[in-house]
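Asks: One structure, as structure tokens, below. Some questions next.
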Amino acid sequence: MKKRVLSGIQPSGRLHLGNYLGAMKQHIAAQDVADRECYYFIANYHSLTSLRDRDQLRELSIDVARTYLALGLDPQKALIFLQSHVPEVCELTWILSTLTPMGLLQRCTSYKDKLAKGIPADHGLFAYPVLQAADILIYNSHLVPVGADQKQHIEVCRDIAQRFNQTYGELLVIPDPDIRPDVAVIPGTDGQKMSKSYKNTIDLFGTPKQLKSQVMSIVTDSKGLEEPKDPDTCHVYNLYKYFATDAEQTEMAARYRAGGYGYGHAKLALLEKLESFLQPHRDRYQYFLDRPDEVMDILQTCGQKARAVARETVNNVRNAVGLI
Ligand code: ADP
Ligand code: TRP
């Protein structure tokens with residue numbers, strides 16, 4: 001039997017290198033693994049917790065699809081769809097929420113982080129992991145490839161699914177997280193986790209000028225050009241590593257240690273790597289930018305397939321819990 005791979009990505013801002021290295025790269029690669037069946041969705045219900053501009057939400061939702069398609073997602077091999085094309089997920093969220101202890105959600109670090117940043121605590125933000133659990137369980141997903149920051153949410157999902165199965169019988173598939181050990185949390189231009197909400201991103205499909213200014217804004221220490229530097233604590237070097245060969249990494253690290261190599265040089269080397277990685281994908285991005293109807297058609301077709309699976313799960317769940 002094929003393993004179902006599922007992941008979601010929020011359309012709450014332009015997609016960035018952290019999203020790509022932490023999640024999208026693995027998503028796209030999985031479409032070519034023989035025993036995998038990949039479902040990827042644009043988590044627009046989730047984004048309502050942070051984005052309250054309708055035009056922006058619509059545009060950013062389409063942009064996530066465009067970005068996946070530009071980077072190589074093939075809708076013949078993997079589904080890409082909108083979370084809101086499968087409203088059954090909201091019904092499952094309610095049923096699961098009746099089995100979710102408050103304490104489980106109160107312990108979620110992403111919730112606590114958002115509160116610490118001054119985001120008002122509303123019910124949607126608090127219940128966010130329950131909707132995420134429903135997203136995963138509704139498609140009987142086996143594997144959930146996400147960045148390291150999402151590990152706790154997958155544990156919450158497993159916990160809720162186990163409670164459901166203990167209460168109503170073994171119906172839900174318990175998913176496993178798929179977190180690449182070699183991809184840590186990617187640092188942003190200020191050294192914190194790269195995140196749309198921290199405004200420290202290097203965007204995938206900004207203009208070349210924006211790309212340059214984002215790379216040049218990476219924070220470094222104040223060591224002068226001549227001084228020896230530590231590559232491992234430098235955000236520029238840490239990003240460069242993801243795009244360079246082993247030999248190139250060793251060479252740059254040696255230059256840091258020797259002195260006479262400035263952070264400006266390292267930034268230009270990183271920029272060159274990023275340019276050569278992104279250049280071939282930019283034309284495809286533009287292709288889909290010019291054809292919003294084609295993108296919508298792909299989302300509709302994939303959404304219908306996903307919805308058929310979701311309907312079946314929700315029907316089974318309704319029967320299991322005794323809803324008429
Ligand atoms: P953001 O923090 O910018 O809002 P999301 O939370 O929407 O990003 O993340 C979408 C996906 O990208 C998730 O799977 C997440 O784990 C991954 N991801 C986001 N930022 C990073 C990062 N800095 N490093 C690694 N993975 C990341
Ligand atoms: N919370 C995830 C994030 O911010 C997005 C997401 C929503 C998701 N539902 C999901 C990821 C289901 C994996 C599976 O990155």
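Every number in this text was worked out from the coordinates using simple rules, so none of it is lab data. The structure presented is a predicted model; accordingly, all values stated were derived computationally and were not measured. Cβ atoms come from the backbone with ideal geometry, glycine included; neighbour counts cover every protein chain shown.
Asks: What is the helix-to-structure angle for 246-258, meaning the angle in degrees between its Cα long axis and the longest Cα principal axis of the chain, kept from 0 to 90 and rounded to the nearest 10?
Replies: Helix 246-258 sits roughly 50 degrees off the main axis of the chain.
Asks: In addition: Which order do peptides 169-181, 48-60, 85-97 fall in by mean Cβ count within 10 Å, highest first? Mind dumping the intermediate values first?
Replies: Numbers: 169-181: 15.5, 48-60: 13.8, 85-97: 18.8.
Peptide ranking by packing, descending: 85-97, 169-181, 48-60.
Asks: May I pose another question? Show which lysines lie in cross-link reach of LYS273 when reach means a straight Cα distance below 16 angstrom and same-chain residues fewer than eight apart are skipped.
Replies: LYS209, LYS212, LYS241
Asks: Among THR201, HIS235, ALA133, flag the residue with its Cα farthest along the positive direction of the charge dipole of the chain, charges on Cβ as +1 for Lys/Arg and -1 for Asp/Glu.
Replies: ALA133
Asks: Could you work out the mean projected area of the convex hull around the alpha carbons of the chain, in square nanometres to one decimal? Display every interim value, and only then the final one.
Replies: Working: hull surface 71.2 nm².
About 17.8 nm², averaged over all directions.
Asks: Explain nothing, just the number: relative contact order of the chain, from Cα pairs under 8 Å at least 6 residues apart, as a whole percent. Each step should come with its number before you reach the end.
Replies: Numbers: 483 pairs, mean separation 74.6, N = 324.
Relative contact order comes out at 23 percent.
Asks: Mind checking the angle between helix 292-321 and the chain's longest principal axis? C-alpha axes, 0 to 90 degrees, to the nearest 10.
Replies: For helix 292-321, the angle is close to 40 degrees.
Asks: Moving to a separate point now. Using only Cα atoms and rounding to the nearest 10 degrees, what angle (0 to 90) does helix 123-137 make with the longest principal axis of the chain?
Replies: 80 degrees
Asks: Based on Cβ point charges of +1 for Lys and Arg and -1 for Asp and Glu, what charge dipole magnitude is obtained for segment 161-302 about its Cα centre, in debye rounded to the nearest 20?
Replies: Values: 17 positive and 21 negative charges, 88 e Å.
Computed charge dipole of segment 161-302: roughly 420 debye.
Asks: Would you work out which of ILE28, LEU51, PRO101 lies farthest towards the positive end of the dipole of the chain, given +1 charges on the beta-carbon of Lys and Arg and -1 on that of Asp and Glu, about the Cα centre?
Replies: My answer, from the dipole projection, is PRO101.
Asks: What number, rounded to the nearest 500 deg cm²/dmol, is the helix-based mean residue ellipticity at 222 nm of the chain, given -39500 (n - 2.57) per DSSP H run of at least four residues and division by all its residues? Walk me through the intermediate numbers first.
Replies: Details: 13 runs with 168 residues, N = 324.
Calculated from helices alone, the mean residue ellipticity at 222 nm is -16500 deg cm²/dmol.
Asks: So for the chain: antiparallel DSSP bridges make up what percent, rounded to the nearest 5?
Replies: Working: 2 of 18 bridges.
Of the beta bridges lying entirely in the chain, close to 10 percent run antiparallel.
Asks: Please tell me the relative contact order of segment 1-135 in percent, rounded to the nearest whole number, where contacts are Cα pairs under 8 Å and at least six residues apart.
Replies: Values: 142 pairs, mean separation 35.6, N = 135.
Across segment 1-135, relative contact order equals 26 percent.
Asks: In straight Cα distance, which lysines are under 17 Å from LYS2, not counting same-chain residues fewer than 8 positions off?
Replies: Within the straight-line cut-off, LYS2 pairs with LYS77, LYS305.
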